[in-house]
Amino acid sequence: MLKSKLRIFSISLVTLLVITSSGLVFGAWYLKQLEDTVTKRFEGTKWIFPSKIYSDSYLLYVGISLRLDDLAEKLRRLGYFESQGAPKARGEYRISRSDGSVEIYLHDFEYPTEQLKGMPVRIVLQGTTVARIENLATGQEMFHLELEPELVTGLYERIWQERTVVKLADVPPLVTKAILAVEDERFFSHHGIDPIGIMRAMWVNLRNMSFQQGGSTLTQQLMKNFFLTDERTMSRKIPEALMALIAERKYSKETILENYLNEIYLGQKGSQGIFGVWEAAQFYFAKPLSDLTVGETALLAGLVRAPNRLSPYRSAELATKRRNVVLAKLLDDRIITRKQYDAALREKLPQRALVKVTNDAPFYVDYLRRELDENYSSAVLNKEGLRIFSGLDLQLQRIAERALVEGLKKLEAAHPSLRRHSTDDGLEGAIVVLRPQTGEIKAMVGGRNYQKSQFNRVFQAKRQPGSVFKPFVYLAALMYGGQSGAQYTPDSVLNDSPFTWSYDGQNWQPTNYNNEYFGAVTFRRALENSLNSATSRLAQDVGIRRVRDIAQRLGIQSSLPAVPSLALGSAEVTPLEVAVAFSTLANGGVRARPLAVRNVMDQNTRLLEKRDVRNEPVINPQLAYRMNELLKGVLDRGTGAAARRFGFTRPAAGKTGTTNDYKDAWFVGYTPDLLAVVWVGFDGPRKIGLSGAEAALPIWTDFMKSATASMPVTDFIAPAVEPESAPAGKCGPFSREGEPPAEPCPPAVQSTRSAESL
Amino acid sequence: MLSLRTKNSLLGATAGWLVFLYGCAPQRPYHAPLPPSSSTTPALRTPQSTAPIPAPPPPEAPDTSRRPVPQEGKIREQDIRTKSPTPPPAGKETKESSRQAGIGESHATPEATVSPALPDDSSLLAKITPGVTPQRAASLRLTDEGRKLLDAGDAAKALTRLERTIAIDSTNPYGYFYLAKAQNRLGGYKESLNFLDVAESRLSGEPFWLAEVHALRGDNYRALGQPQRAETSYMQSLRLNSGNRTAADALLRLHADAQSPTK
């Protein structure tokens, strides 16, 4: 019996010892794990920083057209707010409509190659023209002024944490004291957990029979934000408390406080979460921490409890109430004087409109991201806070998007057959806008609705260009002449009648629109009216390989089979390729490489990458000029004449495009300074049954009318002299590097060139 | 102290002799490219434009296996060999003939082709006259800023500024010229040549600036290891403006280099 009891006792004792020792071992292991976790966070990378994508900056200069309302809207989007008096702090502006002037206190801005300091300026308008720009600090006249680029979006993984890290020494003592007063007044006397605070919280919770207060110290809050979730359970509370104790044992109060002030969540601006006191001061008051008033400091401290519910942007009443509670606490604790308290109570809440970052250019950002992916990993892009400057013009982007969406709606209204048949079969479209001189992609709309389809038709959709390809035939004819020995000029006569092109044992018979033929037509008229038969005959005489060579030289990169139907645009290309090729014509025969990314800076403002404008002369400027003159005729008299009827009157060149099966409608058109390509069609095999002039041209015209409204009217200028190395094709003395051996120019072409160039 | 006119006359005479000497000299083999000239600024620049400029990176050794000589050069030489040279009309050289003038094949005599030193036309701000459009005025001011940045040795910043100039006014040839200069400073010699082509096509009846274009083109060819083409460009520059110091200095150095026994 005794033996049995002893045995049970010893077994129990051993079991207890085993359990206890296991518990101790596990506990020690668990604490070590927690300590490692805390140490790793405190001593490793504490925060991730999303990369930010910026638009191009905006250059204002004396003489530029500018509407006061447009400038005000631009300033609002850049985060400036209107002040009643003269702007005294960065980010303020005042409009005087009586004398047509705007005073702006510019933000500081760090550019890749220079840092711009904020300064007060005055812009005086006469009508809609900038007449004078003045630096108000020095009284000096300025001739141009650069407004900083707009933030387009951020690149991040789960949530966009907007944060600027500050040192504790840079945080005004009042900010620290106010936050401690309302969040953890015994911070400097506890060791991570506050028993008094916990008892108080338990009492409150018991009295209300619900979970009202947590009694968490500031250190516990930091541990929760660093490692844990928001759930109010014991399974979270225990590790939180343990971690707080570990952190307090390992790190100083100052280190913990500094981390807290940078970590804390303080609001939401669209998709951006506002983290840390520095960022919050910018977001709510557009000023640095050191400039905050007592009232603003109290408001900021009060937000910690519930940043969104108590936000002044959401409820001025709740925000004021909370601010006043904090002010009272500061007065009670003798942190502020009665006088400061009274003055703070009279302060007005920030009344700025909340400008959210909405990513108005999702297709552009996708394209840009693809370019960036070549050099940067996703981890770098999402976490290392790069600043990416692009060529995007957000104003043009918005105009392009509106023109496309509304244009497609109008088409559907006018042609009910185009309406959606099933869920994935809607009429689609794309616009891409380039600045020909620099190659900068200024706007890109890759589809009708990014939320529904992220397929970017600007560079991912290969479509037949149809008649948009024809100018390459005419350019080749002007450049090389015909194999028959014919020399071509705009006044040459072509035969527009049915014919058969026999090649490789096959026959190809191009037909005209509506089977209508015009017999003898001029070169110019054949292009202006996009006559298939005359163009095909011309291509046959020039040689389809030469046509292909020209298209590739201008910027088409897709594979182009040298078959007769190439002349009428049977080979598939992307709208972006078409844009680059026609930009070369707009730029006087100089091809500019397309640019979306301009500069990339790291978090420390070190320039990682700069993509320069690259110009390459690829065709003779005289020929480019001649083609531009011919393509102006398309808008003035030819298939694009509707643009003039729709009210687009400035000098411009362009070309309609319709595929012979009516699946694709195109229009490419340009002034010397801006080019836009519009494509309309269905993603699937469905036909739209409309020509480029009917479907794409109205959208292009709508876009260009708005886009060029504030631009000066310019025309294509005949080149002064023929450059030394101006290329004239494979023939003649100017063939370019890397091309097949030169072939002699047909006499006619030589004479044309010499006549033009001398 | 020599007067400005005397200086120009001397410079013109020197340039004339240089062109004459090169026209008469037999074709010389070149072994290595010369370092770029210390100054490519226009002659008679305003004082601030003569600020010290850091030397561009040393040109790479010519290596035609890695960097093929542009076809256009070969073709031009081919044309020279196959075509019988036709002297241009006296006092008015055609562009084609000037392009074809290689080392030892210059058809022009100094008396017939060298223009006197042209007056300094380098001031961009002087081109902002009442008739100038606001775009051109803004573009010229930015170009001038870019020029100053280049003179101060900040080519990267200048490039950014100068890219703006052509976006505002695509017809501003000086913007393209200084873009070419910035690219030259940054070692982008081919890009520089491309911008020079555009600048040239947009210059209208401005021999001073055309001479600048040719001189900078010469610098680029030299840096690319093509001294013969560099020489042709310098001579072309001097034909247009015998006062172009960049071209004159570079030609002297080329000549000295060719004469040097170590070479």
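The values are calculated or read from the model by the stated rules, or taken from the named source; none is laboratory data. Quick caveat, the model's predicted, so the values are computed rather than measured. We place every Cβ from the backbone using ideal geometry, glycine too, and count neighbours over all the protein chains shown.
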- Query: Since A:Val433 meets every condition but one in (1) in a loop (DSSP other than H, G, I, E, B); (2) within 26 Å of A:Met627 (Cβ to Cβ); (3) not assigned by TED's automatic domain parsing to the domain that holds A:Ile556, which condition does it not meet?
  - Reply: (1)
- Query: Can you list the strands (runs of 3 or more DSSP E) found entirely within region A:501-614 that contain at least 3 residues being within 14 Å of chain B (Cβ to nearest Cβ)?
  - Reply: A:590-592, A:597-601, A:607-610
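Residue-by-condition table, conditions (1) surrounded by 13 or more Cβ atoms within 10 Å (Cβ to Cβ); (2) touching a Gly at 6+ places or on another chain (Cβ under 6 Å); (3) not in a loop (DSSP other than H, G, I, E, B):
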site	(1), (2), (3)
A:Ser4	no, no, yes
A:Ile11	no, no, yes
A:Gly27	no, no, yes
A:Thr37	yes, no, yes
A:Arg41	yes, no, yes
A:Asp56	yes, yes, no
A:Leu71	yes, no, yes
A:Ile95	yes, no, yes
- Please verify whether region A:268-279 includes one or more residues that are part of a helix (DSSP H, G or I), under 16 Å from A:Glu183 (Cβ atoms) and in contact with a helix residue (DSSP H, G or I) (Cβ under 9 Å, 6 or more places away or on another chain). yes
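Mind telling me which of the residues A:Ser558, A:Ser530 ends up being in contact (Cβ under 8 Å) with a residue 60 or more places away in the chain, among the hydroxyl-bearing types (Ser, Thr, Tyr) and either on the phi > 0 side of the Ramachandran plot or touching a Ser or Thr at 6+ places or on another chain (Cβ under 6 Å) (or both)? First the steps, then the outcome.
On the way: A:Ser558 fails: either on the phi > 0 side of the Ramachandran plot or touching a Ser or Thr at 6+ places or on another chain (Cβ under 6 Å) (or both).
The unique qualifying residue is A:Ser530.
Residues are listed down the side, and each one gets a yes or a no for (1) without any contact (Cβ under 8 Å) to a residue 60 or more places away in the chain; (2) under 30 Å from A:Leu151 (Cβ atoms); (3) in contact with a helix residue (DSSP H, G or I) (Cβ under 6 Å, 6 or more places away or on another chain); (4) buried (at least 20 other Cβ atoms within 10 Å of the Cβ):
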position: A:Glu401; (1), (2), (3), (4): yes, yes, no, yes
position: A:Glu406; (1), (2), (3), (4): no, yes, no, no
position: A:Ala414; (1), (2), (3), (4): yes, no, no, no
position: A:Ser417; (1), (2), (3), (4): no, no, no, no
position: A:Arg420; (1), (2), (3), (4): yes, no, no, no
position: A:Leu427; (1), (2), (3), (4): no, no, yes, yes
position: A:Val433; (1), (2), (3), (4): no, yes, yes, yes
position: A:Pro436; (1), (2), (3), (4): no, yes, yes, yes
position: A:Gly439; (1), (2), (3), (4): no, yes, no, yes
- Looking at (1) surrounded by 24 or more Cβ atoms within 10 Å (Cβ to Cβ); (2) within 15 Å of A:Pro575 (Cβ to Cβ), which is the one condition that is false for A:Leu635? (2)
- Which one of these does A:Glu146 not meet: (1) modelled with pLDDT under 90; (2) surrounded by fewer than 18 Cβ atoms within 10 Å (Cβ to Cβ)? (1)
- Could you tell me which of the residues A:Leu13, A:Leu59, A:Leu71, A:Leu17 is hydrophobic (A, V, I, L, M, F, W, C) and touching a helix residue (DSSP H, G or I) at 6+ places or on another chain (Cβ under 8 Å)? A:Leu59
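Residue by residue, here is whether (1) within 11 Å of another protein chain (Cβ to nearest Cβ); (2) assigned to a helix (DSSP H, G or I) holds:
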residue	(1), (2)
B:Lys148	no, yes
B:Phe177	no, yes
B:Ala180	yes, yes
B:Ser204	yes, no
B:Gln228	no, yes
B:Glu231	no, yes
B:Met235	no, yes
B:Arg239	no, yes
- Looking at A:Gly505, A:Gly588, which is the one that is crowded, with 20+ Cβ neighbours inside 10 Å and modelled with pLDDT under 95? A:Gly588
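Scanning for something under 40 Å from the mean Cα position of the chain (by Cα), under 30 Å from A:Asn359 (Cβ atoms), crowded, with 18+ Cβ neighbours inside 10 Å and in contact (Cβ under 8 Å) with a residue 24 or more places away in the chain, does region A:239-257 turn up at least one residue? Show your work before the answer.
Let us first name the residues in region A:239-257 that are under 40 Å from the mean Cα position of the chain (by Cα), namely A:254-257.
With the extra rule that they be under 30 Å from A:Asn359 (Cβ atoms), the set shrinks to none.
No, the conditions are met nowhere in region A:239-257.
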- Message: When you scan region A:178-189, do you find a residue that is more than 23 Å from A:Leu242 (Cβ to Cβ), surrounded by 13 or more Cβ atoms within 10 Å (Cβ to Cβ), free of Cβ contacts under 8 Å to residues at least 12 places away in the same chain and not aromatic (Phe, Trp, Tyr), even just one?
- Response: no
- Would you confirm whether any residue within region A:310-327 is under 15 Å from A:Leu180 (Cα atoms), assigned to a loop (DSSP other than H, G, I, E, B) and in contact (Cβ under 8 Å) with a residue 60 or more places away in the chain? no
- Query: Taking region A:682-719 as the search range and keeping residues that are among the hydrophobic types (A, V, I, L, M, F, W, C) and not in a loop (DSSP other than H, G, I, E, B), which one is surrounded by the fewest Cβ atoms within 10 Å (Cβ to Cβ)?
  - Reply: A:Ala707
- Query: Out of A:Tyr670, A:Tyr662, A:Tyr625, which single residue is of a type in the set (Ser, Thr, Tyr), touching a residue at least 12 places away in the same chain (Cβ under 8 Å) and at positive phi?
  - Reply: A:Tyr662
- Given the residues B:Ala250, B:Ala167, B:Ala199, B:Ala215, which is the only one that is modelled with pLDDT under 95, in a helix (DSSP H, G or I) and farther than 30 Å from A:Asp715 by Cα? B:Ala250
- Could you list, in sequence order, the residues of region A:459-494 that are assigned to a loop (DSSP other than H, G, I, E, B) and buried (at least 23 other Cβ atoms within 10 Å of the Cβ)? A:Pro465, A:Gly481, A:Tyr488
- Task: Scan region A:435-468 residue by residue and report those that are closer than 30 Å to A:Leu538 by Cα and within 14 Å of another protein chain (Cβ to nearest Cβ).
- Result: A:Pro436
- Task: Test B:Glu191 against the criterion of being at the interface with another protein chain (Cβ under 10 Å from one of its Cβ atoms), free of Cβ contacts under 8 Å to residues at least 12 places away in the same chain and over 19 Å from A:Pro672 (Cβ atoms), and give yes or no.
- Result: yes
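Give the residues of region A:345-369 that are in a helix (DSSP H, G or I) and under 14 Å from the mean Cα position of the chain (by Cα), sorted by residue number.
Of region A:345-369, the ones in a helix (DSSP H, G or I) are A:345-346, A:362-369.
Answer for region A:345-369, where residues must be in a helix (DSSP H, G or I) and under 14 Å from the mean Cα position of the chain (by Cα): A:Pro362, A:Phe363, A:Tyr364, A:Val365, A:Asp366, A:Tyr367, A:Leu368, A:Arg369.
Determine, yes or no, whether A:Ser57 is at pLDDT 90 or above and within 14 Å of chain B (Cβ to nearest Cβ). Outline the logic, then answer.
Working: at pLDDT 90 or above: yes; within 14 Å of chain B (Cβ to nearest Cβ): yes.
Answer is yes for this residue.
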- Query: Assuming A:Ser235 fulfils every condition listed in (1) assigned to a helix (DSSP H, G or I); (2) at pLDDT 75 or above apart from one, which condition is it?
  - Reply: (2)
